[in-house]
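The values are calculated or read from the model by the stated rules, or taken from the named source; none is laboratory data. Computed from a prediction, not measured in an experiment: that's the story for all the values here. Because the Cβ atoms are built from the backbone with ideal geometry, glycine has one as well, and the counts that use them run over all protein chains shown. Areas reflect the complete protein model, heavy atoms only, side chains present, ligands, DNA and RNA absent. Shrake-Rupley method; radii C 1.70, N 1.55, O 1.52, S 1.80 Å.
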Amino acid sequence: HGDLFRFGPDYKLRNHFTLGSFGVHALGTDHEGGLWAATEGELLRMSLPSPWSFLGAGQGIGGNVYDFEWYEGALWLATTRGLIRMAPNDHGGIDTTETHWTELEAFTVTSTEQGLVVAHRNGILVLDKGATAPRPVLTTEAESIGEVVQSKQHPDRIYALGDSNLYVLVLKDGKWQLDFSASIDGAS
């Protein structure tokens, strides 16, 4: 079930919220202090009032949401149907755009100062700062990239975990580029 538990600094349970019958995949906060939960069937925002309080099929989200990230004033969703961009419009609503940048699933999105990094079933895309279309950084035939983490020790480095390899992206001339890969040799 999609249950959320809030604990205080003393580790005592403060609140218990039931978010629905779907399991929770990811949690995050936005610049307004709202808490977001991506479940198997919905994207929920727990802070009222806001047009962002509930996002689902009625707002143009199809399939499951795996991950989400704020980047350049928009909410980007990695879903079973690819990458979706949601941005506030002039009328207080939300405009939803399916990007069609991937043919299949997008698994994770990471916002950096230099661009938005998108891991998907067949590689990694980067939407450079100010660009309107992404560029491929890595293209794979049959290897999904499921996790992307920017290093806290070396912020000019991103680690991307695929089914068979660990990929390392580095900043070159202010843009993310593939530096090298290492086989994970059957490790899970």
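Numerical summary
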| quantity | calculated |
| --- | --- |
| For ASP95: the one exception among (1) in contact with a His (Cβ under 8 Å, 6 or more places away or on another chain); (2) free of Cβ contacts under 8 Å to residues at least 12 places away in the same chain; (3) acidic (Asp, Glu) | (1) |
| So LEU48, is it at pLDDT 75 or above, over 19 Å from GLY82 (Cβ atoms) and open to solvent by 20 Å² or more (accessible area, probe 1.4 Å) | no |
| Residues that are in a loop (DSSP other than H, G, I, E, B) and more than 16 Å from LEU166 (Cα to Cα), drawn from region 113-128 | GLU113, GLN114 |
| Contacts under 7 angstrom Cβ, first residue in region 141-160 being under 15 Å from THR112 (Cβ atoms), partner of a type in the set (Lys, Arg) and open to solvent by 70 Å² or more (accessible area, probe 1.4 Å), 6 or more apart | SER151/ARG157 |
| Identity of the residue in region 85-112, outside any strand (DSSP E or B) and over 22 Å from ALA26 (Cα atoms), that ends up modelled with the lowest pLDDT | GLY92 |
| Filter result (under 24 Å from ALA57 (Cβ atoms) and either free of Cβ contacts under 8 Å to residues at least 40 places away in the same chain or among the small types (Gly, Ala, Ser) (or both)) within region 5-28 | PHE17, THR18, LEU19, GLY20, SER21, PHE22, GLY23, VAL24, ALA26, LEU27, GLY28 |
| Out of GLY130, GLY186, sole residue that is at pLDDT below 95 and either touching a Pro at 6+ places or on another chain (Cβ under 9 Å) or more than 22 Å from ILE84 (Cα to Cα) (or both) | GLY186 |
| Hey, VAL149 assigned to a strand (DSSP E or B), in contact with a strand residue (DSSP E or B) (Cβ under 7 Å, 6 or more places away or on another chain) and open to solvent by 70 Å² or more (accessible area, probe 1.4 Å) or not | yes |
| Output for region 7-44, where each listed residue is surrounded by fewer than 11 Cβ atoms within 10 Å (Cβ to Cβ) and under 28 Å from GLY73 (Cα atoms) | HIS31, GLU32, GLY33 |
| Every pair of residues 6+ apart whose Cβ atoms lie under 7 Å, when the first sits in region 122-133 and is surrounded by 18 or more Cβ atoms within 10 Å (Cβ to Cβ) while the second is outside any strand (DSSP E or B) and of a type in the set (Val, Ile, Thr) | ASN122/THR140; GLY123/THR140 |
| Breaking point among (1) within 19 Å of the chain's Cα centre (by Cα); (2) part of a strand (DSSP E or B); (3) at pLDDT below 95, for VAL137 | (3) |
| Total residues in region 77-90, condition open to solvent by 10 Å² or more (accessible area, probe 1.4 Å), closer than 16 Å to ALA119 by Cα and touching a residue at least 24 places away in the same chain (Cβ under 8 Å) | 2 |
